[in-house]
Structures are given as C-alpha cells and as structure tokens.
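Bear in mind these aren't lab numbers, they're just calculated from the coordinates by the rules spelled out. Every value quoted in this text rests on a predicted model; they were computed, and no experiment measured them. We place every Cβ from the backbone using ideal geometry, glycine too, and count neighbours over all the protein chains shown.
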Amino acid sequence: MARILAIDYGGKRCGIAITDESKIIASGLTTVDTSDLLNWLSDYVAKEEVELFIVGEPKRLHGEASESEKLIQPFLEKLAKRLPDIPVKRMDERFTSKMAFDTMIASGISKKKRKNKALVDQISATIILQDYLYNL
C-alpha cells in the first residue's frame, strides 16, 4: 500500500514526514537540505510507494501567502516535472513551527536539542501531515 509524504519546505532544509501504509499514523522521517530535495524524493519514491505529496502552504495570519511561497512555487513546478505521477496537495502550515517547539518542550527534549532546527522542521512536517489526515 502507498504512503503519503509531507514536506515542510524551507530555504535551507526541508522536514519530511511519512504515513504508515494504512495512512493512519504520521511520523517524522528526516530532514533534507533543500538543494538535495528533488533528488532525495526521486530516490525515496523509487524504493517506497508514495501516492501523494503534502506540501506546507505558508500563510500570514489573515490568510494571504507569505514570502516563503515565492520559494515553494518553483519547487512545485520542478516536482511536477520530475515526479508527474504523484499528485501534490497543499496544507496550511501556520503555527506549525510554534507547535513543533511546544511539542518538543512537552516531550521533555532538552534545551540543547530544542535548538536543532532540523528537528523542528521534521516535527513541523509531521504536524502538517497529521492535520491533513485529520481533515480527510
């Protein structure tokens, strides 16, 4: 069975989360340098069956697109050319970084580990994917 893969896209690195095969549980998978993301995704889908990409949609408080969207659009165009058989859906990612940080505190992660931005990105991708699964 195919999985759903979520991406918290960033200028330097991207958090990646994946569902289980039953599409019930979202788990953080890894963090990938943005410059390597397309190659990483191509390699991943060659090994694992992915039916859908969920890409975070950064918005401002009042719903308009944030500046980050200008970076995401060219990536989405390249992704559609590279992996045209896998559809992409967008998911509002407002407050996911804050939620990720709060989750790290609540789970007892040390102050030193909470400074790891890669971990925040991975948890953010997991929250984006959980939100998508919840809204199915």
Inset, instruction - Could I have the simple spin-label model distance between Lys89 and Ile24, label points 7 Å from Cα toward Cβ, reported in nm to one decimal? - result: 1.9
Legend entry - Amide H contacts of Tyr9 (H built 1.01 Å from N, under 5 Å, at least 5 apart or other chain): Gly56
Legend entry - Pair Leu76, Ala106: separation of 7 Å Cα→Cβ label points (nm): 2.9
Inset, instruction - Using only alpha carbon pairs under 8 Å that are at least six residues apart, calculate the relative contact order of the chain and give it in whole percent. - result: 34
Inset, instruction - List every residue whose amide H lies under 5 Å from the amide H of Glu93, counting only residues 5 or more places away in sequence or on a different chain, with H placed 1.01 Å from N in the peptide plane. - result: Glu57, Lys59
Inset, instruction - Using only the alpha carbon atoms of segment 3-134, find the Kirkwood hydrodynamic radius as the inverse mean reciprocal pair distance, in angstroms to one decimal. - result: 14.9
Legend entry - Three-way shape call for segment 1-53 based on the alpha-carbon gyration tensor, with the a/c threshold at 1.5: oblate
Legend entry - All lysines inside 24 Å of Lys12 as judged from Cα atoms, apart from same-chain residues fewer than 8 positions distant: Lys59, Lys70, Lys78, Lys81, Lys89, Lys98, Lys111, Lys112, Lys113, Lys115, Lys117
Inset, instruction - Highest first, please rank the peptides 78-86, 119-127, 32-40, 49-57 by the mean number of other Cβ atoms sitting within 10 Å of their residues. - result: 119-127, 49-57, 32-40, 78-86
Inset, instruction - Note down the magnitude of the dipole of the chain about its Cα centre, charges +1 on Lys and Arg C-beta and -1 on Asp and Glu C-beta and zero elsewhere, to the nearest 20 debye. - result: 660
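Report the FRET efficiency, 1/(1 + (r/R0)^6), for Asn39 and Ser68, where r is their Cβ-Cβ distance and R0 is 25 Å, rounded to 0.05.
Working: r = 21 Å, r/R0 = 0.86.
For R0 = 25 Å, the calculated efficiency reads 0.70.
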